[in-house]
Structures are given as structure tokens and as C-alpha cells.
1. Can you find even one residue in region 85-108 that is open to solvent by less than 10 Å² (accessible area, probe 1.4 Å) and over 27 Å from LYS271 (Cβ atoms)?
2. Mind checking which residues of region 243-252 are open to solvent by less than 50 Å² (accessible area, probe 1.4 Å) and either at pLDDT below 85 or small (Gly, Ala, Ser) (or both)?
3. Out of (1) of a type outside the set (Lys, Arg); (2) open to solvent by 40 Å² or more (accessible area, probe 1.4 Å); (3) out of contact with any strand residue (DSSP E or B) (no Cβ under 6 Å at 6 or more places or on another chain), the odd one out for LEU224 is which?
4. Out of curiosity, is PRO188 surrounded by fewer than 21 Cβ atoms within 10 Å (Cβ to Cβ) and closer than 23 Å to ARG266 by Cβ?
5. Which ones in region 26-35 are open to solvent by 70 Å² or more (accessible area, probe 1.4 Å) and part of a loop (DSSP other than H, G, I, E, B)?
6. Considering only region 1-23, how many residues are crowded, with 16+ Cβ neighbours inside 10 Å, modelled with pLDDT of 90 or more and more than 22 Å from ALA87 (Cβ to Cβ)?
7. Considering region 253-262 alone, what residues qualify as being open to solvent by 20 Å² or more (accessible area, probe 1.4 Å) and either among the basic types (Lys, Arg) or in a helix (DSSP H, G or I) (or both)?
8. Select the helices (runs of 4 or more DSSP H) contained entirely in region 89-207, then report the ones holding at least 1 residues which are more than 20 Å from HIS78 (Cα to Cα).
Amino acid sequence: MSVPGSNQLRASNLAHYPELIARLGGDSRHILDHHGISPDNIGEDDEFLDCKTFVDLLEYSATSLKQPLLGLQLARLHREHAYGLVAHLCRSAPSVEQALTSFVNFLPMMHSPESDLRVVSGKEVTELRWCEKTSYGDNLQANLQGLYFNLSLISSLVGDEFSPNYLAIPRLFSADDQTVLEAELKCPVRLSQGQSSIAFSSGLLQQKPIGANRTMHSLIKAYLESLKSQHSSNVLTRVSQYIQSSASMSELSLESCADSLGISTRGLQLKLKQDDVKFSQLLQTERFKRAKLMLKDAQIAIAEVADQLGYSEHTSFDRAFKRWAGTTPQRYRAIHAVKNKSAN
């Protein structure tokens, strides 16, 4: 199964979009074409949409059709099913706590890497919180859709009678929107700073989900962990190859690497973090390897070695090499000159 790249989300978010727009008297094909989206791709599980395009599409649709709750209406047509395999994983978990842990761990990989989720547990109240890692401007409708998806997911774990303590939505919404949402969702709605959340009794965490199935949960989790590991390793391999294939290390940077891989700088940082490594570490490892090779060649001046490795100040190279090898470049070269002479 393929996974979305940086600034992408699954096209399944629009699975019922044509149906909804037709019901509201609009022309879905015209609107999709206006935003450069193929009607044949929406709803497909292995197709992806640009996040900004998706956000703009929903905002345009809501405004042009005068439907301020369009994102909520769209979400109601397929509830948590847009989350696909992750939803199945959560519903089969042994406890609600494990279900939400699985949700936080795997939704960014499977649905959109721009999702930033966490569970914050208190003695009495627990919150499922989420926000975007990148700002896409006004995105009221995408927020409404995500809110309803997540609310439906928790309901699928504990039953349709689930009633949250409160919901929180970003201050993009007005006080009037807040009042309408409270009436629609039948629970208190708060305005927050930049993030959304669903608050519920902490006692629910130990509850057994309706569809709990340890065997199914273990099988799905093992598959997703394998996919996550494979995806993460692929990114690490590509970054390493990019660094190793670069002729001039003075031009290497996190930004240039991200651009080469077609990933946002922030996205690349997060993917490398999954492997507990930083771009600077990979770069320093390659610099040290090249430095040792070049220093063994007496025909290459140490100043030239420093220059080729991207050090504008040769003293900076001296300090860096001493950190790597425990000795200076001059001493390293002298030691290897003696070794070579002895070998001959």
C-alpha cells in the first residue's frame, strides 16, 4: 500500500463529494476541474491530493454554495471510514487507550503526514488533540471534517451514545459558528488557539472497544509497523544517497536535500526523526569519510580538503576533524604516511 508524501492527504476524503455537491445543487465536475482535481481520482484509496488544493476546494464549495457547515456534511456521509485500515486497527484494539495510541502513531503515515496528533490524559478528563504542521490559510471546512471524523472514530469504539465533555475548535470560527456547532453536535464547543480537541472522561481509556479483537489488532499493527519502517528507511536511504552523490559538499543543506526529494523541509526533518537521526549527522559522517580518504593522498593540500568539504575557514575543518578522529588533520596525514612507508 502506498503512503502520502509531504503536503498530501488521501483522496478518500472526497469519496462522497460529488454526491453531496449534487444534493446541494452544484456541479462537482466543474468545481473539481476549477481546482485541477480529476473526478476519476477522488475517493480512491491509493490516490492523493495536495493539502492546500483540498483546503481551497472545500472553502470554495462552502462559499459558492452558501453552506457554512459543508465540511461537517461531507464527513457525515462516510464518518470514520475515511481512515481506512487505521480505523480498523483502532476498533480491534484491546482498550480505548491502545486504540487512541494506535491512531496517533499511524494516522499521519497512512492519511496525511501533515497531521499532528496526541493524547493528553488527566485524572478526570482526557483530550485527543490535533492540528496541522503547516498552515494552509483559512480551512474551516477541513477542520469541521476532521472534527467529525475523529468524533465518529471514538463513537465507533465506545458506542453511538458517546457524548464528549466538550469539543475545541480553532479561533478561525466565529461565535455564531460556535453556537451552530453546539446545536449540531449536541455538546459544548470551545474556541482554542490553533488546535482542535475532543475531551472525554478518562475512565473511557480502560474500556474495551465494541469490536475488540486482539488477533486482528496484532495482524493489522504488524503490517502497519512494517510499512512504517519500510517507508522511513526508504527516506533515510534516499537522503544518504543524495549526500554521497553530491560532488560539492559546500552546496549541501537540509533545504536542498528536501527540494531534491520533493519533500518539505519540515517534513524531511520529521521523517529523519523517526529514525532518530538528523541531516547534520548524516552530513558530518560523509564529510569525515571523505576527509580521511583525501588526507591519505599527500598530493591534496589540507586547505583544499577543507574547501572541498564545504569549510570556508580551514580552522573550522581542523576543529571538526579533531572531534571526529581525536587528532588533527596534519597528524592524521603524518600517521598514515608512516604506515604507507612501512608497508612499502
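The values are calculated or read from the model by the stated rules, or taken from the named source; none is laboratory data. Predicted model, so just to flag it, every value in this text is computed and none were measured. Note: ideal-geometry Cβ built from the backbone for every residue, glycine included; neighbour counts use all protein chains shown. The accessibility values were calculated without ligands, DNA or RNA, using every heavy atom of the protein model including side chains. Shrake-Rupley method; radii C 1.70, N 1.55, O 1.52, S 1.80 Å.
1. yes
2. The answer is SER246, SER248, MET249.
3. (2)
4. When the stated conditions are applied, PRO188 does not pass them.
5. Passing the criteria: only ASP27.
6. Residues in region 1-23 being crowded, with 16+ Cβ neighbours inside 10 Å, modelled with pLDDT of 90 or more and more than 22 Å from ALA87 (Cβ to Cβ): 2 in total.
7. Result: LEU254, GLU255, SER256, ASP259, SER260, LEU261.
8. 96-110, 175-185
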